[in-house]
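The values are calculated or read from the model by the stated rules, or taken from the named source; none is laboratory data. A quick note: this is a predicted structure, and the numbers were derived from the prediction, not measured. A quick note on method: Cβ atoms are made from the backbone with ideal geometry, for glycine too, and the neighbour counts reach across all protein chains shown.
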Amino acid sequence: MRLTLGRAALTFTAIGALTSVAHAQELGFVSTVFARVHKLGMFVHSLQPTGESILDQSGRGCLTLSLCGAGTRVLIALDTRSERLDLDLGFGAGYLRTVRARTSDSLEIRGAIRELPVLSTQATFMNLGWIRPYIVGSFGLVDLWNGRAHTAAGKQSPVSATTFEYGMSLGIGVAPPFTNGRMLVEAGYRARNFASVGYNQPEPLGKTWPRELDLSGWQVSAGWQFDLRTLAKVVGFGGSYMLTRVDGGAVPATLRHERTASGTESTRQEIVGAYLDLDPRKQTYSLQLVTRSVTLSPNGVAQALRYDDPQQESGTWGYATKTTLRLTPGTATPANGSAAAAGSLVRRADEEIILEHQASGRRLYFRKVKTT
């Protein structure tokens, strides 16, 4: 008996350890994915079924349509590298209530539809000012939630059914510039056929008990979509960064290589470090480039080395696109330094940010060392 309990304890301990590791990996994946969430939409919607004749389509509590409910959808930005097209991956959930099916005077089925999860892809066209037309394709898992079958004798039987749904919708978003979001209206078709319906009762089923339910139909939705990019930008860019690579290679990296006046020697200037500070509240930045100059003999042997005065640059930044910053230098030292070419771009690349530095003509990779 003791041996059996000991083995059981070891088994549960091993399962718990494996579950903890898997759970940690799952949380890491979820955190990475949802760090790119930039929109949150909340909807109310109504459905007019087209595939089931036994449904009560009186539209009780749902205006003129048979079924109504609500839902939510979060959008994760995908990099389309286009200013005219905004492509997003969506995760959502929703429900439709007032499902009522009557096959005869002796049998009535009631319940609701639960949609969880629903995966979608949304393409939004961004070049029409306030009006943002979009198209959504979705696929998800649905089930008949809290279903009950009622008989004339007063008996009840739990009803269960699960299936996949898919559909396509066309929508229009109205995004005034003075609001942090947009109003959405969309309409489309949902294919949702429960090919098998289960009843939890021991008695044989009568002929009037439906074996399947087709709840496909036209769906209309309206709601509001919150733009979370302002918060995402502060989290994504604000902070202090340290140089890790130049043009994809290790530091130090050659900035320029020139012959001296005598022509027998050459001087090579190298970037050995850089520091970038981005203030998300004031939308200001400061950049410091640390360089050194190496004097080389005709044979390429280093003869002298000295560190140059740091190049300082500061100014303001703004958003060039939804995922890219544009730096506008205000001051720089030395005077012929990096302020000579304004408009350096900063973009995210996984755990690094990349500065396309116009003055040096280099691509500088930074990694965050402190969050502002």
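Once the range 182-206 is narrowed to residues that are surrounded by fewer than 18 Cβ atoms within 10 Å (Cβ to Cβ) and over 23 Å from T163 (Cβ atoms), the residue that is nearest to the chain's Cα centre (by Cα) is M183. Candidates in the range 279-308 are the residues that are at pLDDT 90 or above and under 31 Å from the mean Cα position of the chain (by Cα); of these, the one that is surrounded by the most Cβ atoms within 10 Å (Cβ to Cβ) is L287.
Residue-by-condition table, conditions (1) part of a strand (DSSP E or B); (2) at pLDDT 90 or above:
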{"position": "F91", "(1), (2)": "yes, yes"}
{"position": "T103", "(1), (2)": "yes, no"}
{"position": "E115", "(1), (2)": "yes, yes"}
{"position": "T121", "(1), (2)": "yes, yes"}
{"position": "N127", "(1), (2)": "no, no"}
{"position": "Y134", "(1), (2)": "yes, yes"}
{"position": "D143", "(1), (2)": "yes, yes"}
{"position": "G154", "(1), (2)": "no, no"}
{"position": "F164", "(1), (2)": "yes, yes"}
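Restricting attention to the range 309-318 and to residues that are assigned to a strand (DSSP E or B) and loosely packed, with under 15 Cβ neighbours inside 10 Å, the residue that is modelled with the lowest pLDDT turns out to be G318. Among residues of the range 91-119 that are in contact (Cβ under 8 Å) with a residue 12 or more places away in the chain and over 18 Å from H45 (Cβ atoms), those with a beta-carbon under 9 Å from a residue that is part of a strand (DSSP E or B) and among the hydroxyl-bearing types (S, T, Y) at least six positions away or on a different chain give the pairs S106/T151; L107/T151; E108/T151; I109/T103; R110/T98.
To keep it simple, each residue is scored yes or no on (1) over 23 Å from H45 (Cα atoms); (2) acidic (D, E).
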residue	(1), (2)
F164	no, no
G167	no, no
V174	no, no
E186	no, yes
A191	no, no
V197	yes, no
R211	yes, no
D214	no, yes
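Restricting the first member to the range 279-291 and to residues that are at negative phi, and the second to residues that are surrounded by fewer than 16 Cβ atoms within 10 Å (Cβ to Cβ) and among the aromatic types (F, W, Y), the beta-carbon pairs closer than 9 Å and six or more apart or on different chains are V290/Y307; T291/Y307. Restricting the first member to the range 305-320 and to residues that are touching a residue at least 12 places away in the same chain (Cβ under 8 Å) and of a type in the set (D, E, K, R), and the second to residues that are surrounded by 16 or more Cβ atoms within 10 Å (Cβ to Cβ) and not in a strand (DSSP E or B), the beta-carbon pairs closer than 6 Å and six or more apart or on different chains are E313/S338.
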